[in-house]
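The values are calculated or read from the model by the stated rules, or taken from the named source; none is laboratory data. Just so we're clear, the structure is a prediction, and the values are computed from it rather than from any experiment. All Cβ positions, glycine included, derive from the backbone under ideal geometry; neighbour counts span all protein chains shown. Ligands, DNA and RNA are stripped out before the accessible areas are found, and what is left, the full protein with its side chains, is counted by its heavy atoms. Shrake-Rupley method; radii C 1.70, N 1.55, O 1.52, S 1.80 Å.
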Amino acid sequence: MQKGKPQPVEFVRLCDTTHGYFLVSSSPASSEAGMSMKVESLVLHGDALHGEKEFRRALSAYKQAMQYSKNIPRQATSNTRSSVTATGRSPSPNSSSLAPLNENEVKFKIALCYSALREHREALQEMEGIPSKARTLKMNLMLGKLYRISRNNRAAAVCYKECLRQCPYVFEAITALAEMGLSSKEFSLIFSQAPNRGGKAPGDSLDAQRWWNRYVEAQCCIASHDYKGGLDIYLDLMQRFPNNVHILLEIAKVEAIIGRNDEAIMNFEKARLIDPNIMTYMDEYAILLKSKSDYTKLNKLVHDMLHIDPARPETCLALAALWERKDERKALTYAEKSLRVDDRHITGYIMKGNLHLLLNRPDLAVTDFRGAQELRADLRSYQALSKCKDALFTAREAMKVMHQSAKALKLVGDVHAISSSGREKARKFYESAIRLEPGFLGAALALADLHVAEGRNKDAVLLLERYLRQWADDSLHIKLAQVFAATNILSDALSHYQSALRINPHNEAAKKGLERLEKQMKGVDPDAPEEDEENEADDVDGDQDDAELL
């Protein structure tokens, strides 16, 4: 294809739009055939405008088509109703048959335009005007989403269940119903009502049904905050479907939630190797890279995402993660942009809330974290909200909702550990979290901090060394180095900082700790201000004196 020549899809869209202008601007026809042609032209024009994302103009074209359709005598068109196509138009612009408008299809298109404009109430009104028996799979899926936005979960569940009766493999419907509390047994009952496609005997698809039930079970586990149970099922499914990008991404997402960051990063990287153009959960991957201070990989990821689709909310959040280190306000503008693109993107609310905390705006952060929690009350939204006011109440609420979650137990422990009077309670919660999930490094690190705060440095060292025998993690080495440095065992501290940097050369905490340790080893007070800083302070005093003189 020659440079500068339009791509095929763009060319067709351009032709449709231009063709639509001529058709809809033609002189009004008096005959019924001419009226039918006018209606079809308006729908065609609306489709082209929708493709160009000119939703307000598309809405106008569809509504005009509906209005003109009402003026066509029904009796004259009743004999040709069966010839209407699924697109809501007659079979051919040149056809002499008077095919009526498929009003249900056009109403669906109007609802899509309203939804794109975030006018959800108007979209819902249009969708409710379509009789339930006439709704296609796409219509039921759309209606379920709109009911969920309006917080009518009961009506949403009815629509999603109908989707699964029409086709049991609708991922969006399964995820939504699992989040609304549907059990795996209830899913099985719905699947039994689905039509047997292709005329196959039930035994022929027994294996497919088995693994699909396992996938649904995993979704139910995640929705009920049993992250370990869901992860185990996903790992089992990976044996059956190696290199499945969807399952790899789901595994990585859960690993990120429960704090297995290294494993999550590895699985995100595997998914990108299989499909370099994948965008799903790439904002989560970007946040993990930022937490590891791996800005080389983060920069490459953002570059790739901008090339694939700069308008996606995931791209905006990856940019926010990249800019957070240099310019928190610019990072905030990208987080806000992600929510303008998709106001139901949970990671956007959490990122925005964290940035508001960094900018010392906890009042705004609470609103952001509440927004995330309203969309999905998962572990991350509780963790984020506990950083703000009513931390203990939030942590206890998380523990009630996720009673089998080690992270929820740690969350309560974190709140108690803030005050010296609550440290004994904090220790019990941390130990409970470790008993529930022995590999939970976050609880081990928090317990080590508690030991140090209470002067039990030896206990902290023993705990961290025990974990290091099983997990070579940079955060464990850093914590050990900090304990050794605090007790003036500088050679051991040096060794652990170096080990942390061998595991993760980009770890900022290890770099700063090593720099501080080197000053200690030279006999220099690491907390003493630098010479340049003293000079700057003198300059400030001089400026104040000048101001007073003036």
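Per-structure values
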| read-out | value |
| --- | --- |
| Residue list for the range 344-371, restricted to those being within 15 Å of the chain's Cα centre (by Cα) and open to solvent by 20 Å² or more (accessible area, probe 1.4 Å) | Arg344, His345, Tyr349, Ile350, Lys352 |
| Residue under evaluation Val415, criteria (1) in a helix (DSSP H, G or I); (2) modelled with pLDDT of 85 or more, criterion not met | (2) |
| In the range 461-484, residue nearest to Ala510 (Cα to Cα) [restricted to those that are among the small types (Gly, Ala, Ser) and open to solvent by 20 Å² or more (accessible area, probe 1.4 Å)] | Ser475 |
| Considering residues of the range 408-435 that are under 23 Å from Arg260 (Cα atoms) and open to solvent by 70 Å² or more (accessible area, probe 1.4 Å) only, the residue farthest from the chain's Cα centre (by Cα) | Lys428 |
| Odd one out for Lys326 among (1) in contact (Cβ under 8 Å) with a residue 12 or more places away in the chain; (2) over 16 Å from the mean Cα position of the chain (by Cα) | (1) |
| Condition met for Glu374 (open to solvent by 20 Å² or more (accessible area, probe 1.4 Å) and within 15 Å of the chain's Cα centre (by Cα)) | yes |
| Leu392 more than 22 Å from Lys253 (Cα to Cα), aliphatic (A, V, I, L, M) and at pLDDT 80 or above | no |
| Condition met for Phe440 (open to solvent by less than 50 Å² (accessible area, probe 1.4 Å), over 37 Å from the mean Cα position of the chain (by Cα) and among the aromatic types (Phe, Trp, Tyr)) | no |
| Conditions (1) within 29 Å of Gly181 (Cα to Cα); (2) surrounded by 21 or more Cβ atoms within 10 Å (Cβ to Cβ): number failed by Asn261 | (2) |
| Number of positions in the range 311-332 that are open to solvent by less than 70 Å² (accessible area, probe 1.4 Å) and not aliphatic (A, V, I, L, M) | 7 |
| Those helices (runs of 4 or more DSSP H) lying entirely in the range 61-168 with at least 1 residues at pLDDT 90 or above | 103-116, 120-128, 137-149, 153-166 |
| Number of the condition not met by Arg340 [criteria: (1) in a helix (DSSP H, G or I); (2) open to solvent by 70 Å² or more (accessible area, probe 1.4 Å); (3) more than 30 Å from Arg151 (Cα to Cα)] | (3) |
| Matching residues in the range 276-297 - criterion: being among the aromatic types (Phe, Trp, Tyr) and more than 19 Å from the chain's Cα centre (by Cα) | Tyr295 |
| Test: Lys458 is open to solvent by 80 Å² or more (accessible area, probe 1.4 Å), more than 26 Å from Ser420 (Cβ to Cβ) and in a helix (DSSP H, G or I) | no |
| Qualifying positions in the range 418-455 - of a type in the set (D, E, K, R), over 17 Å from Ser405 (Cα atoms) and not in a loop (DSSP other than H, G, I, E, B) | Arg423, Glu424, Lys425, Asp449 |
| Neighbours by Cβ (under 6 Å, 6+ apart or cross-chain): first from the range 229-251, in a helix (DSSP H, G or I); second open to solvent by 10 Å² or more (accessible area, probe 1.4 Å) and polar (S, T, N, Q) | Leu248/Asn267; Leu249/Thr280; Ile251/Asn267 |
